[in-house]
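The values are calculated or read from the model by the stated rules, or taken from the named source; none is laboratory data. The shown structure was predicted, so the numbers you read here are calculated from the model rather than taken from an experiment. With ideal geometry, Cβ positions are generated from the backbone for all residues, glycine too; neighbour counts draw on all protein chains shown. Please note that ligands, DNA and RNA were not included when accessible areas were found on the heavy atoms of the full protein model with its side chains. Shrake-Rupley method; radii C 1.70, N 1.55, O 1.52, S 1.80 Å.
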Amino acid sequence: MTSEVKMVPSVSVSYAGNGSSAKANEFGMRPMQERAYEKRGEQYLLIKSPPASGKSRALMFIALDKLQNQGLKQAIIVVPEKSIGASFNDEPLTKYGFWADWTVQPKWNLCNAPGEDGGKVNSVGAFLQSEDKVLVCTHATFRFAVERFGVEAFDERLIAVDEFHHVSANPDNKLGSHLGEFMARDRAHIVAMTGSYFRGDAAAVLAPQDEAKFQTVTYTYYEQLNGYEHLKKLDIGYFFYSGPYSDDILKVLDPREKTILHIPNVNSRESTKDKIREVEHIIEELGDWQGIDPATGFQLVKTPEGRVLRIADLVDDDPAKRDRVSAALKDPAQKNNRDHVDIIIALGMAKEGFDWIWCEHALTVGYRSSLTEIVQIIGRATRDAPGKTRARFTNLIAEPDASEQAVTEAVNDTLKAIAASLLMEQVLAPRFEFKPKSTSSGPTPGFDYGEGGYDPKKCNVGFNEETGKFQIEIKGLKEPKSEEAGRICQQDLNEVIAAFVQDKTTVERGLFDPELVPEELTQVRMGKIIKDRYPDLAEEDQEAVRQHAVAALNLTQKAKEVASGGGEGEKGLNTAFIQGVRQFAMDVRELDIDLIDRINPFGEAYAILAKTMSEESLKQVQAIITAKNVKLTPEEARDLAKRALKFKQERGRLPLITSADAWEKRMAEGVAFLARMKAEAAAAHG
């Protein structure tokens, strides 16, 4: 069967490429690292910064200062998996202007040591008794060590947690529980680092009372990419396919691009359940197999055009083969060799912490259960490299099929994909700075107002080139009163929006409920999310945060299409966003919070979805969502099902849940209700 690939919501953003994020100060610190180092005296520090922005080295600077100048005894670096431990290898920082070098004795980098995590706990104990300064271990080793030695054994020490989104406020998350114990004792310093401060399961990373103790350093995706020297454009696209994905993989995989391809998990609906055969099939699609490179273990494949591709297979379970390929990818001598490898095929590897600067295309098949994982995968393609002006992320998702028994699961995948696309559009957009509009408002000095200059009759929009922010005036907007609410509006809106678009009820209602009143989403659902995340904020500050979050989400959606058509470079992007916002406000002459609240933030996503899916599939999606909202008793449902059977005998078909006829729709709801009851009963019995 030949598959068909259809595009769904996507975003394309242009960046200046002026090299500012790669420029170092007199200490060898890039802008993000300098920003973090300014907060080095804080006991609890949270660094939120995208992949490739230099978080590992930022920690080195901070840890050295805490050991030398702040009286801490030792620094313990905790990473989620062994491969990421290499990010904290020795660095000659004095070579670039800093006052000390970063060194880790080989025996104390437990990520490189043989044996299981449980056995390495003894090494942690020996380190705590030693005079040595730095230890690197995995999250698992650290958890076991805390359980054995107790939190008091880590007093007067720095605990630095990399990829902090692995932590959860859920009581079942042991690492999160341990960190809560450390903060309750208040004798250790904690530096937390992450590229995405939200979790795919929508659980909070930290309890609100613990999160409030952290000082936060935020460096956005927009700041990072806008300051690159080479990379100027990032495209993110979602595609539906029908049939086996491997049949037409070349419709989205361009062999001329350096690509990391993540095939679906073997337990997912997209998988054929034979991962080895899937890799073989992809290789066959690319060309004729020429053998294996004896030095690296890479597969050699000759394309129809005569080019020989070097493909790294990280899916093969044979430890000898996979370890040889993995070692070849990490070879420091090949780091700057663009021709070392062309395509990497992986399943669970090559995600967070994996560094291949030449990657131009991160291609992922099947929806990933975590939006954090998507951010991490995108980060594989957003490294800056000479000659690399454009990068893209593509997610292939199986299209819901009206005839498929697993349609409910397919619908859930679709909703997650839409949510992820909405979130990434917000993460990748320039940071907005909102302020109330008054009758005395005038042009802001130093701002670029685009073509035509400042127009008081329209929304006051300006771009500050120094801060990289758009300042937008909105009539009726509440200003945050407290310092914490102001910080949230400045730094945490992405996390608030992440929680909103991961809320299943929000997405279902927003996409498929034609009777939805948008305020139910923007006011009620968003309001509840903010109250749950920030319970200690005053009610008026919670409302201010809600208004800023809704404004950011809606403006990003409305301005996206215009912005993606902007010219190369900063000036074209600035003008495009300004014109996009003005277009949004044009009909009412002024942008106000009431208008923003009346707009469904999922409207554009639904419009694109409707164009890419067949009418039958889209109706099936809507039917599944509608059926979940049906309120009936089992007796009522059985009576309706009997009437539906009679309807079928008379009409030759079952009633449609999407029918305009209210009685036909009600009979269909009865059938759907019974079907759901049976499915739930079957699931309960295993």
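Regarding the range 88-103, can at least one residue be identified that is of a type in the set (A, V, I, L, M), open to solvent by less than 20 Å² (accessible area, probe 1.4 Å) and within 29 Å of the chain's Cα centre (by Cα)?
Within the range 88-103, none of the residues are of a type in the set (A, V, I, L, M), open to solvent by less than 20 Å² (accessible area, probe 1.4 Å) and within 29 Å of the chain's Cα centre (by Cα).
For the range 501-559, which residues satisfy the criterion of being outside any loop (DSSP other than H, G, I, E, B) and aromatic (F, W, Y)? If you could, list the steps in order and put the result at the bottom.
Keep residues of the range 501-559 that are outside any loop (DSSP other than H, G, I, E, B), which gives 501-502, 504-512, 518-533, 539-559.
Hit for the range 501-559 is F512, nothing else.
Identify all residues within the range 109-124 that are open to solvent by less than 20 Å² (accessible area, probe 1.4 Å) and either among the aliphatic types (A, V, I, L, M) or at pLDDT 95 or above (or both); write none if there are none. Break it down stepwise before answering.
Filtering the range 109-124 down to residues open to solvent by less than 20 Å² (accessible area, probe 1.4 Å) leaves 109-111, 120-121, 124.
Correct list: L110, V121, V124.
Of the numbered conditions (1) assigned to a helix (DSSP H, G or I); (2) closer than 24 Å to I377 by Cα; (3) aliphatic (A, V, I, L, M), I47 fails exactly one; give the number of that condition.
The single condition I47 does not satisfy is (1).
Which members of the range 475-493 meet the condition of being more than 19 Å from the chain's Cα centre (by Cα) and part of a loop (DSSP other than H, G, I, E, B)?
G476, L477, K478, E479, P480, K481, S482
Would a scan of the range 218-229 turn up a residue that is modelled with pLDDT under 90, more than 20 Å from A58 (Cα to Cα) and open to solvent by less than 40 Å² (accessible area, probe 1.4 Å)?
No, because not a single residue in the range 218-229 is modelled with pLDDT under 90, more than 20 Å from A58 (Cα to Cα) and open to solvent by less than 40 Å² (accessible area, probe 1.4 Å).
Can D536 be described as open to solvent by 60 Å² or more (accessible area, probe 1.4 Å) and at pLDDT below 95? Give the steps one after another, and end with the answer.
Details: open to solvent by 60 Å² or more (accessible area, probe 1.4 Å): yes; at pLDDT below 95: yes.
Against the criterion (open to solvent by 60 Å² or more (accessible area, probe 1.4 Å) and at pLDDT below 95), D536 qualifies.
Within the range 399-412, identify whether any single residue is of a type in the set (D, E, K, R), open to solvent by 20 Å² or more (accessible area, probe 1.4 Å), assigned to a loop (DSSP other than H, G, I, E, B) and under 27 Å from S49 (Cβ atoms), and answer yes or no.
no
When you scan the range 599-686 for helices (runs of 4 or more DSSP H) that lie fully inside it, which ones turn up with 2 or more residues that are more than 30 Å from the chain's Cα centre (by Cα) and buried (at least 16 other Cβ atoms within 10 Å of the Cβ)? Full working, then the answer.
Numbers: elements: 603-612, 615-628, 634-651, 662-684.
The qualifying helices (runs of 4 or more DSSP H) are 634-651, 662-684.
Report, by residue number, each residue of the range 423-437 that is of a type in the set (D, E) and either assigned to a loop (DSSP other than H, G, I, E, B) or at pLDDT 80 or above (or both).
Residues of the range 423-437 that are of a type in the set (D, E), as a first pass: 425, 433.
The answer is E433, and nothing else.
Quick check: anything in the range 50-71 within 20 Å of F142 (Cα to Cα), in contact with an Asp or Glu (Cβ under 9 Å, 6 or more places away or on another chain), in a helix (DSSP H, G or I) and without any contact (Cβ under 8 Å) to a residue 60 or more places away in the chain?
Yes, the range 50-71 contains at least one residue that is within 20 Å of F142 (Cα to Cα), in contact with an Asp or Glu (Cβ under 9 Å, 6 or more places away or on another chain), in a helix (DSSP H, G or I) and without any contact (Cβ under 8 Å) to a residue 60 or more places away in the chain.
Is at least one residue of the range 234-249 open to solvent by 50 Å² or more (accessible area, probe 1.4 Å) and in a helix (DSSP H, G or I)? Break it down into steps so the answer makes sense when it comes.
So in the range 234-249, the residues open to solvent by 50 Å² or more (accessible area, probe 1.4 Å) come out as 244.
Still in the running and in a helix (DSSP H, G or I): none.
Checking the range 234-249: not a single residue is open to solvent by 50 Å² or more (accessible area, probe 1.4 Å) and in a helix (DSSP H, G or I).
Among the residues of the range 144-166, how many are without any contact (Cβ under 8 Å) to a residue 60 or more places away in the chain and closer than 27 Å to S53 by Cβ? Walk me through it before giving the result.
The first filter runs over the range 144-166 and keeps only residues without any contact (Cβ under 8 Å) to a residue 60 or more places away in the chain, leaving 144-153, 155.
Now drop any that are not closer than 27 Å to S53 by Cβ, which leaves none.
Adding up the residues that qualify gives 0.
Return yes when Q490 is at pLDDT below 90 and in contact with a Phe, Trp or Tyr (Cβ under 8 Å, 6 or more places away or on another chain) and no when it is not. If you could, list the steps in order and put the result at the bottom.
On the way: at pLDDT below 90: yes; in contact with a Phe, Trp or Tyr (Cβ under 8 Å, 6 or more places away or on another chain): no.
So Q490 fails the test.
Specify the residue that is farthest from N265 (Cα to Cα); the eligible residues are those in the range 311-328 that are open to solvent by 30 Å² or more (accessible area, probe 1.4 Å) and within 29 Å of the chain's Cα centre (by Cα).
Pass one, the range 311-328, residues open to solvent by 30 Å² or more (accessible area, probe 1.4 Å): 316-324, 327.
Right, trim to within 29 Å of the chain's Cα centre (by Cα) and you get 316-317, 322-323, 327.
Details: D316: 13, D317: 14, R322: 17, D323: 20, A327: 23 Å.
Of everything passing the filter in the range 311-328, A327 is farthest from N265 (Cα to Cα).
Taking the range 366-396, which residues are more than 16 Å from I343 (Cα to Cα), open to solvent by 10 Å² or more (accessible area, probe 1.4 Å) and in a strand (DSSP E or B)?
R390
Out of D331, D323, D339, report the one residue that is under 21 Å from L231 (Cβ atoms) and charged (D, E, K, R).
Working: D331 fails: under 21 Å from L231 (Cβ atoms); D323 fails: under 21 Å from L231 (Cβ atoms).
Matching residue, one of D331, D323, D339: D339.
Which one is most open to solvent (accessible area, probe 1.4 Å) among residues in the range 125-168 that are within 19 Å of N109 (Cα to Cα) and of a type in the set (F, W, Y)?
Filtering the range 125-168 down to residues within 19 Å of N109 (Cα to Cα) leaves 125-146, 154, 157-163.
Subsequent filtering for residues that are of a type in the set (F, W, Y) retains 127, 142, 144, 154.
Values: F127: 0, F142: 2, F144: 82, F154: 1 Å².
Looking at residues that are within 19 Å of N109 (Cα to Cα) and of a type in the set (F, W, Y), I get F144.
Could you tell me which of the residues I578, I593 is open to solvent by less than 20 Å² (accessible area, probe 1.4 Å), at pLDDT below 70, farther than 30 Å from L656 by Cβ and out of contact with any His (no Cβ under 8 Å at 6 or more places or on another chain)?
Numbers: I593 fails: at pLDDT below 70.
On inspection, the qualifying residue turns out to be I578.
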